[in-house]
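Let me begin by presenting the structure, written as structure tokens, before commenting on it.
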């Protein structure tokens, strides 16, 4: 099992210095590069300070200039927000700049609030249709001229300029529903999954969906990735900081998913913690059990369960509004005390 890292530039309040966030984020990526992480993932989100990622290709170009070996993953681009020619060219440029280190992930989107601003009139539940039309077009554009007359995009013969150095570029699909597992596997893509805050049974459900998709396709030689919020602590203070941070960020995340409050100048209205106590998805004991949280020994035992499930790439999701010093200390502990068990 290989290790990946996903991290956002994030500000949970206007008091957070964006320069400090920028510098700490790059330092985390460089730590992962030096430690032998396989891939670093940059997301795409818009108009949110908690996930500052308006163009993942721009972020990866930045990281490429400051790293040596780590692969650079788009995790993930929302197909509905892009034109295929634009996306193919942006991705190929990153592959060129990074000397062939790009992994391209595509998805169908998360927040209706974001769709309302980036693709007005589109129901988030219909985003998968854009993904299905986009997915086969990208590798075709990388190979040469393609004319397309589809439901969402129409264009005369065109190609990607530049072409990527890799042939093929690894493609990933963010999948939670059976239809997306089926489509990703049928198109020879790697699968990235995220059980959010749910327990191991959710990860096991994804494995079943993947195996069903493989059976339908008659085979598959891709990678199965699993992302979890991750925090490794050595003392009670860091444990408390991690648990407080995840509950705070989940309150804002739930606000976005359920549209329970406003977003003001990029910051979602916080949900008071006392309103979250009765919600099983933010119960502290449940979060500590379900997420990749714990001391090094506890984290190792949890990772062995993912390894036994057939996870090829475990994605250490570092972003949860955690104090930046604690965030860096957690990653360092993971590198020094956890990774050697899986060398």
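I'd like the full set of residues that are closer than 26 Å to residue 47 by Cβ and free of Cβ contacts under 8 Å to residues at least 12 places away in the same chain, limited to the stretch 107-160. If the condition is that a residue be closer than 26 Å to residue 47 by Cβ and free of Cβ contacts under 8 Å to residues at least 12 places away in the same chain, then 116, 120, 121, 123, 125, 126 are the ones that fit. Does residue 110 satisfy the condition of being under 19 Å from the mean Cα position of the chain (by Cα) and on the phi < 0 side of the Ramachandran plot? Judged against the criteria, residue 110 is a match. Of the residues contained in the stretch 306-319, one or more are found to be at pLDDT 95 or above, in a helix (DSSP H, G or I), in contact with a strand residue (DSSP E or B) (Cβ under 7 Å, 6 or more places away or on another chain) and surrounded by 18 or more Cβ atoms within 10 Å (Cβ to Cβ). Answer with yes or no whether residue 298 is modelled with pLDDT under 95 and assigned to a helix (DSSP H, G or I). So residue 298 fails the test.
For residue 47, the conditions (1) out of contact with any strand residue (DSSP E or B) (no Cβ under 6 Å at 6 or more places or on another chain); (2) surrounded by fewer than 18 Cβ atoms within 10 Å (Cβ to Cβ); (3) under 27 Å from residue 312 (Cβ atoms) are fulfilled apart from (3). Evaluation of residue 285 against the conditions (1) part of a helix (DSSP H, G or I); (2) under 23 Å from residue 205 (Cα atoms); (3) at pLDDT 95 or above shows that the sole unmet condition is (3). For the stretch 191-213, a residue qualifies if it is surrounded by 16 or more Cβ atoms within 10 Å (Cβ to Cβ) and touching a helix residue (DSSP H, G or I) at 6+ places or on another chain (Cβ under 6 Å), and the qualifying residues are 191, 193, 195, 197, 209, 210, 213.
Just one of the listed residues (34, 15) is without any contact (Cβ under 8 Å) to a residue 60 or more places away in the chain, closer than 16 Å to residue 330 by Cα and surrounded by fewer than 18 Cβ atoms within 10 Å (Cβ to Cβ), and it is 34. Is it the case, given these coordinates, that residue 236 is exposed (fewer than 15 other Cβ atoms within 10 Å of the Cβ), modelled with pLDDT of 95 or more and farther than 23 Å from residue 2 by Cα? Yes. Of everything in the stretch 102-122 that is in contact with a helix residue (DSSP H, G or I) (Cβ under 6 Å, 6 or more places away or on another chain) and closer than 23 Å to residue 73 by Cα, the residue that is surrounded by the fewest Cβ atoms within 10 Å (Cβ to Cβ) is 118. The criterion of at least 2 residues that are surrounded by fewer than 16 Cβ atoms within 10 Å (Cβ to Cβ) is met by the following strands (runs of 3 or more DSSP E) wholly inside the stretch 123-190: 146-149, 154-158. Screening 215, 241 for residues that are at pLDDT 95 or above and within 21 Å of residue 6 (Cβ to Cβ) leaves exactly one candidate, 241.
Residue 88 passes every criterion in (1) in contact (Cβ under 8 Å) with a residue 40 or more places away in the chain; (2) under 24 Å from residue 163 (Cβ atoms); (3) surrounded by fewer than 24 Cβ atoms within 10 Å (Cβ to Cβ) apart from (3).
The values are calculated or read from the model by the stated rules, or taken from the named source; none is laboratory data. Remember, predicted model here, so these are calculated numbers, not experimental data. Cβ sites come from the backbone with ideal geometry, for glycine too, and all protein chains shown count toward neighbours.
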